[in-house]
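Participant: Got a structure for you, written out below as structure tokens; questions coming shortly.
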Ligand code: GLY
Ligand code: MN
Ligand code: MN
């Protein structure tokens, strides 16, 4: 089984991108750079997803330049130069020869000469594509163009059209290749097994961060040394904080705990949420709300197939959740009117899901030409309905307050329907209670 993206696929991606461009165009993509945490300590390095997508190169302060001249594509890569002193302190570098030998670059340069070299590389290209969203790169591009314009009397011609690269690169990243699908199945599988482990380790008195420790351990021993994002481990009312990452409290009897965690495998994210009882048994109120969220989760997943509109799935979740809240007495009134008034937003305030890939909230537009996008094979997304009853919601009976539930799966759109990549972690109440009973 493929355990990482091959050099051939990275090369195909560059070709696919460049085939879409006119002659005399250039593309520039910047790598990530180290970020300071405190004093002289840096955060762990994580490469920029788009840079990695087109290079497979995992070092900071690099720059990819692709040029299309007379129908031919040139691949230029700037990288940190070899440096004995720096490598002793901070780690080995590929250097220029390394990127020629191992990353298929046609031309390699030291990143120390980017600002001298780029005006020469861009001379004569008519269109320049880069991500307008990158501030650091945007400033550098202006610097290069300014220096080129100053030399116009010497025959230097600066690009006349600046184009947003993201539209092209994001669309490519949105549709996952067969190899990417394999990476995502692996990320989902490891993430699912970690959730099972957390369920088995849960008992009254355990700290939220201790459950996260079991999850991180499972990720790391399964070839995922970094998570895709900081875990959310929320006991009781902490589950109602959508981005709760404090994870600092002890789990108490009769609470639910919500865990939202995902491994990153070879740059692809898993993203799973399960919500289960600390003492192993759902209370009647927890069970009632859980069944509504589960119904929304399973009905939405059943809808996922080529041709389904992105909004249709969210709308189904809204319908199931609003109907369920009315049946249980947390909302009063006519379901259609309540939906029209968005009354459900008090309890379900986020979208049903998002694209999933190299970034947990992956790239790709949700609307095209003003219309919600239809699903096509190769898209990957999460399905994550939730109900969160604020502890301060005095409009509902006290017994419901402080219950937060989300059930999140990772789903791949296939030719005929969909594949739930996170199937290994149970979500039915009976299955979870049986698992926790050991
Ligand atoms: N873990 C972030 C999310 O579910 O969107
Ligand atoms: Mn999540
Ligand atoms: Mn998610």
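Bear in mind that the values in this text are calculations on the coordinates, not laboratory data. This structure is a prediction, so every number in the text was calculated from the model and none was measured. Glycine also receives a Cβ, built like all others from the backbone with ideal geometry; neighbour counts cover every protein chain displayed.
Participant: Identify, by number, the condition in (1) within 14 Å of ligand 2 (Cβ to nearest atom); (2) surrounded by 24 or more Cβ atoms within 10 Å (Cβ to Cβ); (3) over 18 Å from the mean Cα position of the chain (by Cα); (4) touching a residue at least 40 places away in the same chain (Cβ under 8 Å) that residue 257 doesn't meet.
Facilitator: With (1) within 14 Å of ligand 2 (Cβ to nearest atom); (2) surrounded by 24 or more Cβ atoms within 10 Å (Cβ to Cβ); (3) over 18 Å from the mean Cα position of the chain (by Cα); (4) touching a residue at least 40 places away in the same chain (Cβ under 8 Å) applied to residue 257, the lone miss is (1).
Participant: Right, another one. Criterion first (in contact with a strand residue (DSSP E or B) (Cβ under 8 Å, 6 or more places away or on another chain), farther than 29 Å from residue 429 by Cβ and within 16 Å of ligand 3 (Cβ to nearest atom)) does residue 364 satisfy it?
Facilitator: So residue 364 passes the test.
Participant: Let me ask something else. Given the conditions (1) surrounded by 14 or more Cβ atoms within 10 Å (Cβ to Cβ); (2) in contact with a helix residue (DSSP H, G or I) (Cβ under 9 Å, 6 or more places away or on another chain); (3) closer than 30 Å to residue 252 by Cβ, and given that residue 192 satisfies all but one, which numbered condition is not satisfied?
Facilitator: Residue 192 satisfies every listed condition except (2).
Participant: Return the residues of the range 368-386 that are in contact with a strand residue (DSSP E or B) (Cβ under 7 Å, 6 or more places away or on another chain) and more than 16 Å from ligand 3 (Cβ to nearest atom); say none if nothing qualifies.
Facilitator: Residues satisfying the conditions are 372, 373, 374, 375, 376, 377, 378.
Participant: Additional query: Could you tell me which residue of the range 350-370 is nearest to residue 326 (Cα to Cα), considering only residues that are assigned to a loop (DSSP other than H, G, I, E, B) and more than 15 Å from ligand 2 (Cβ to nearest atom)?
Facilitator: 366
Participant: Also, quick follow-up: Which residue, of 422, 394, is in a loop (DSSP other than H, G, I, E, B) and away from ligand 3 (no atom under 16 Å from the Cβ)?
Facilitator: The conditions single out 394.
Participant: Can you pull out the residues in the range 241-273 that are under 22 Å from residue 286 (Cβ atoms), more than 10 Å from ligand 1 (Cβ to nearest atom) and in a strand (DSSP E or B)?
Facilitator: Matches in the range 241-273: 250, 256, 257, 258, 259.
Participant: Considering the range 37-57 alone, what residues qualify as being under 22 Å from residue 264 (Cα atoms) and either free of Cβ contacts under 8 Å to residues at least 12 places away in the same chain or exposed (fewer than 14 other Cβ atoms within 10 Å of the Cβ) (or both)?
Facilitator: Within the range 37-57, 37, 42, 43, 44 qualify.
Participant: In the range 286-336, what residues are within 24 Å of residue 364 (Cα to Cα), touching a helix residue (DSSP H, G or I) at 6+ places or on another chain (Cβ under 8 Å) and not in a helix (DSSP H, G or I)?
Facilitator: Once the filter is applied, which keeps residues that are within 24 Å of residue 364 (Cα to Cα), touching a helix residue (DSSP H, G or I) at 6+ places or on another chain (Cβ under 8 Å) and not in a helix (DSSP H, G or I), the range 286-336 yields only 304.
Participant: In the range 323-331, is there at least one residue being touching a strand residue (DSSP E or B) at 6+ places or on another chain (Cβ under 9 Å) and closer than 27 Å to residue 167 by Cα?
Facilitator: no
Participant: Is at least one residue of the range 20-35 without any contact (Cβ under 8 Å) to a residue 40 or more places away in the chain, surrounded by 15 or more Cβ atoms within 10 Å (Cβ to Cβ) and under 21 Å from the mean Cα position of the chain (by Cα)?
Facilitator: Yes, that holds for at least one residue.
Participant: May I ask you to say which residue of 128, 77, 121 is in contact (Cβ under 8 Å) with a residue 60 or more places away in the chain and more than 22 Å from residue 171 (Cα to Cα)?
Facilitator: 121
Participant: Does the range 406-413 contain any residue that is more than 16 Å from ligand 2 (Cβ to nearest atom) and either part of a loop (DSSP other than H, G, I, E, B) or under 14 Å from residue 289 (Cα atoms) (or both)?
Facilitator: Scanning the range 406-413 turns up no residue that is more than 16 Å from ligand 2 (Cβ to nearest atom) and either part of a loop (DSSP other than H, G, I, E, B) or under 14 Å from residue 289 (Cα atoms) (or both).
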